[in-house]
Amino acid sequence: MKIGEETISIRSRGHGREASSTLTVELSPVIEQLVQQGELFKIELPLEKVIREMDAAKDDLQDATDSFEESKWKWATIQGYHSMLHSGHTLLYSRGYKEHDDHAMIIALGELFSEELGTGLLTVYNKAIQLKRNAEELVFSEDGAIDTIEGAKAWLNVARNILKAK
């Protein structure tokens, strides 16, 4: 399926000849549909933005751990979710996309990084969304905080491995 073409013309010096080549980018039908529906946007970001997202994931994970150690389960859950969100952004931005919402992000990441993430980490993220929403409604627990922090660690490790970051 052809999504975009870019034609490059090159004029040789002194000979007046032109060479032309076409670069065709193929997107999966799922990504194409998300883009067409306005749920996913193609963007250009400087590498610094991707790095800042990974740094935010690390910082939020540390904050979640600190909150957990202070028995602040609600904040640990919310901060753990945000760590996962930043890890997800790190991956999505590295491929030149920005999402409209959590739902679009998880679908896009599942499509773009299916081998690396598998269904397990996508499930962990979906669970974290629900745990965060519950915590915002003052329904939270130590177990929920543990699950979210462990999920955030896993997401950060996978993002690091995919991008070969430290």
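The values are calculated or read from the model by the stated rules, or taken from the named source; none is laboratory data. This is a predicted model, so every value here is computed, not measured. No Cβ is skipped: glycine too gets one built from the backbone with ideal geometry, and neighbour counts run over all protein chains shown.
Please go through segment 52-70 and pick out each residue that is in a helix (DSSP H, G or I) and either over 19 Å from Leu109 (Cβ atoms) or free of Cβ contacts under 8 Å to residues at least 40 places away in the same chain (or both).
Once the filter is applied, which keeps residues that are in a helix (DSSP H, G or I) and either over 19 Å from Leu109 (Cβ atoms) or free of Cβ contacts under 8 Å to residues at least 40 places away in the same chain (or both), segment 52-70 yields Arg52, Asp55, Ala56, Asp59, Gln62, Asp63, Ala64, Thr65, Asp66, Ser67, Phe68, Glu69.
For the subset of segment 107-127 comprising residues that are among the acidic types (Asp, Glu) and over 24 Å from Gly38 (Cα atoms), which member is surrounded by the most Cβ atoms within 10 Å (Cβ to Cβ)?
My answer is Glu116.
Please determine, by comparing only the residues of segment 51-100 that are under 11 Å from the mean Cα position of the chain (by Cα) and acidic (Asp, Glu), which one is nearest to Ala159 (Cα to Cα).
Glu53
Determine, yes or no, whether Glu48 is part of a helix (DSSP H, G or I), surrounded by fewer than 10 Cβ atoms within 10 Å (Cβ to Cβ), within 23 Å of the chain's Cα centre (by Cα) and modelled with pLDDT of 90 or more.
yes
Among (1) farther than 21 Å from Ala56 by Cα; (2) exposed (fewer than 15 other Cβ atoms within 10 Å of the Cβ); (3) not acidic (Asp, Glu), which single condition is Asn134 missing?
Of the numbered conditions (1) farther than 21 Å from Ala56 by Cα; (2) exposed (fewer than 15 other Cβ atoms within 10 Å of the Cβ); (3) not acidic (Asp, Glu), the odd one out for Asn134 is (2).
Being of a type in the set (Phe, Trp, Tyr), over 21 Å from Lys164 (Cα atoms) and in contact (Cβ under 8 Å) with a residue 12 or more places away in the chain is true for just one of Tyr125, Tyr93. Which residue is that?
Tyr125
If you scan segment 124-158, which residues turn out to be within 29 Å of Glu48 (Cα to Cα) and either at pLDDT below 95 or in contact with an Asp or Glu (Cβ under 9 Å, 6 or more places away or on another chain) (or both)?
Answer for segment 124-158, where residues must be within 29 Å of Glu48 (Cα to Cα) and either at pLDDT below 95 or in contact with an Asp or Glu (Cβ under 9 Å, 6 or more places away or on another chain) (or both): Val124, Tyr125, Asn126, Ala128, Ile129, Ala152, Val158.
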